[in-house]
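First comes the structure, then the notes that go with it.
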Amino acid sequence: MTDRAYACFEDKQKARGIDLGQVKAALEALVIETPSWGYADQGTRFKTFHYRGAARTPFEKIDDAAVVHEYTGACPAVAIHIPWDATDDYGELGAYAASKGLRIGAVNPNLFQDEAYRLGSVTNSLEEGRRKATGHLLECVDIAKAVGSDALSLWFADGTNYPGQAPIRQRANWMQACLQEVYARLDPGMRMLIEYKFYEPAFYHTDLADWGMAFNLASKLGPQAEVLVDTGHHAQGANIEHIVAYLLNEKKLGGFHFNSRKYGDDDLIVGSMNPYELFLIFYQIVDAMRDGDAGVRQTAANIAYMIDQSHNIEEKIPAIIRSVLNVQTQFAKALLINPEEVGQAQQRQDVLGAEHAVRSAFEQDVTPLLEAFREERGLPADPMKAFHESGYLNRIRGRG
């Protein structure tokens, strides 16, 4: 980056009424949690392609996550998945993360791969199946406490494939009863993040199919339960930013699993398919950060931004770095929206003027801003280039 390029960008934004000092402060506060499973081999329905150097243990995953944080400066937390990241001593795992300059983020229970969950976990018609699932969730709360995590991230594969297969209303009662027991195990300050998905792996009905069901359940459980939005878990054409705005207004938006989709839950690199959607999601969040309601502002400030991707054909670490950079880019663009310009156009009922005020921020090239922001913090202006030049990929290929 040249000083001249940044100076030109700064002058342009001043003319648009934007304070870049405030923009950089918001970028500094943006924390993006990377997923331990994103550093390991992952499969499709057809095949798992193995990569030399893919992380094999939770400790190797933390090593790789630390490298992502080293070059981006934005990823001090790594989520874990149990039992994929099971270890004999979770205190040791938390301490190892701390030694690498990281902390353990959300703990994600696995309720979809055990044979006992073939027809449901917490909604299983058999009581022993429900107790097994509840026991695993309680175990994960204890693991979260041991590693210093403050979040339990829940996604349930529970559902049915055929009408009449199971009692839908009773399943809802079973799920609520289970989560009430798990909720009671949380320490003060811990959060339960409830994720939803409208289909898959069940195809007739899913027990938590949409944001409304997740919102209703979280509301019944209490203030420590919130909704988690996975950007790939919606029907085609769903207005995700509207969902985000509603949950912000209700003070129940807890976090995101960021990824991209084209047709189904594709779990592709964030922002690779529809960057404008990601930008509009951040527009709603940035707008909430300025809300007159302190509770809405606090909700926006406490969002857990997590990446949830499946890297099947791409190198693991570069894929995560690309997602982090894409998130930063769209957040930076959203911060360039002039709220006064938008508000004035809305007051005039100037439909095109208001749309232009939003879209014009999306059309800004924020490269000079992000490069300057990183260099001011002692980070490489181009994290991807710096990572490739480090030789880390070649070193870890000796893992096997």
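The values are calculated or read from the model by the stated rules, or taken from the named source; none is laboratory data. Here the structure is a predicted model, which is why all the values come from computation and not from measurement. Glycine also receives a Cβ, built like all others from the backbone with ideal geometry; neighbour counts cover every protein chain displayed. Each accessible area value is taken on the protein alone, full model and side chains, heavy atoms only, with ligands, DNA and RNA left out. Shrake-Rupley method; radii C 1.70, N 1.55, O 1.52, S 1.80 Å.
For Leu126, are the conditions met, namely being aliphatic (A, V, I, L, M) and under 24 Å from His257 (Cβ atoms)?
Details: aliphatic (A, V, I, L, M): yes; under 24 Å from His257 (Cβ atoms): no.
Against the criterion (aliphatic (A, V, I, L, M) and under 24 Å from His257 (Cβ atoms)), Leu126 does not qualify.
In the stretch 299-318, which residues are within 15 Å of the chain's Cα centre (by Cα) and among the aliphatic types (A, V, I, L, M)? Result: Ala300, Ala301, Ile303, Ala304, Met306, Ile307.
Being polar (S, T, N, Q) and touching an Asp or Glu at 6+ places or on another chain (Cβ under 6 Å) is a description that does not apply to Asn239.
Applying a threshold of 7 Å to beta carbon distances and a minimum spacing of six or more residues, or different chains, the list of pairs starting in the stretch 263-274 at a residue that is over 8 Å from Gln309 (Cα atoms) and ending at one that is open to solvent by 60 Å² or more (accessible area, probe 1.4 Å) reads Met273/Lys262. The set of residues from the stretch 152-199 being of a type in the set (A, V, I, L, M, F, W, C), touching a Phe, Trp or Tyr at 6+ places or on another chain (Cβ under 7 Å) and either open to solvent by 70 Å² or more (accessible area, probe 1.4 Å) or within 20 Å of Gln113 (Cα to Cα) (or both) comprises just one member, Ala157. For the stretch 142-151, the tally of residues that are open to solvent by 60 Å² or more (accessible area, probe 1.4 Å) and outside any loop (DSSP other than H, G, I, E, B) stands at 2.
Here is a list: Lys24, Lys12. Which entry is over 30 Å from Ile82 (Cα atoms), among the basic types (Lys, Arg), at pLDDT 95 or above and touching a helix residue (DSSP H, G or I) at 6+ places or on another chain (Cβ under 6 Å)? Of Lys24, Lys12, the one residue that is over 30 Å from Ile82 (Cα atoms), among the basic types (Lys, Arg), at pLDDT 95 or above and touching a helix residue (DSSP H, G or I) at 6+ places or on another chain (Cβ under 6 Å) is Lys24.
Here is a yes/no grid of residues against (1) in contact with a helix residue (DSSP H, G or I) (Cβ under 9 Å, 6 or more places away or on another chain); (2) touching a residue at least 40 places away in the same chain (Cβ under 8 Å):
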position	(1), (2)
Asp114	yes, no
Val147	yes, yes
Phe156	yes, yes
Pro188	no, no
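When the helices (runs of 4 or more DSSP H) confined to the stretch 330-400 are screened for residues that are touching a Gly at 6+ places or on another chain (Cβ under 8 Å) and surrounded by fewer than 18 Cβ atoms within 10 Å (Cβ to Cβ), those reaching at least 1 such residues are found at 339-347, 392-396. Among the residues of the stretch 160-182, are any closer than 25 Å to Glu33 by Cβ, in contact with a Gly (Cβ under 8 Å, 6 or more places away or on another chain) and aliphatic (A, V, I, L, M)? The answer is no, given that none of the residues of the stretch 160-182 is closer than 25 Å to Glu33 by Cβ, in contact with a Gly (Cβ under 8 Å, 6 or more places away or on another chain) and aliphatic (A, V, I, L, M).
When we screen Ala74, Ala66, Ala40, Ala54 for residues that are under 16 Å from Ala98 (Cβ atoms), aliphatic (A, V, I, L, M) and either under 21 Å from the mean Cα position of the chain (by Cα) or modelled with pLDDT under 95 (or both), the only hit is Ala66.
So is Gly17 out of contact with any strand residue (DSSP E or B) (no Cβ under 8 Å at 6 or more places or on another chain), open to solvent by less than 40 Å² (accessible area, probe 1.4 Å), over 20 Å from Met306 (Cα atoms) and in a loop (DSSP other than H, G, I, E, B) or not? No; evaluated as a whole, the condition is false for this residue. Among residues of the stretch 69-99 being among the aliphatic types (A, V, I, L, M) and surrounded by fewer than 17 Cβ atoms within 10 Å (Cβ to Cβ), the one that is nearest to Leu370 (Cα to Cα) is Ala98. Beta carbons closer than 8 Å, at least 6 apart along the sequence or on distinct chains, never pair a first residue in the stretch 366-379 that is within 9 Å of Lys24 (Cβ to Cβ) with a second that is at pLDDT below 95 and of a type in the set (Val, Ile, Thr).
Here's the yes/no breakdown for (1) hydrophobic (A, V, I, L, M, F, W, C); (2) in contact with a helix residue (DSSP H, G or I) (Cβ under 8 Å, 6 or more places away or on another chain); (3) within 17 Å of Ile32 (Cβ to Cβ):
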residue	(1), (2), (3)
Glu226	no, yes, no
Asn239	no, no, no
Ile243	yes, yes, no
Leu247	yes, yes, no
Phe282	yes, yes, yes
Ile285	yes, yes, yes
Gly292	no, no, no
Arg297	no, yes, no
Met306	yes, no, yes
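Taken over the stretch 173-186, the residue count meeting the criterion of being assigned to a loop (DSSP other than H, G, I, E, B) and without any contact (Cβ under 8 Å) to a residue 12 or more places away in the chain is 1. Scanning the stretch 80-120 for residues that are part of a loop (DSSP other than H, G, I, E, B) and of a type in the set (Gly, Ala, Ser) returns Ala86, Gly101, Gly120. Which residues, counting only those in the stretch 288-329, are aliphatic (A, V, I, L, M), over 22 Å from Ala25 (Cα atoms) and surrounded by fewer than 23 Cβ atoms within 10 Å (Cβ to Cβ)? Ile313, Ala319, listed by residue number.
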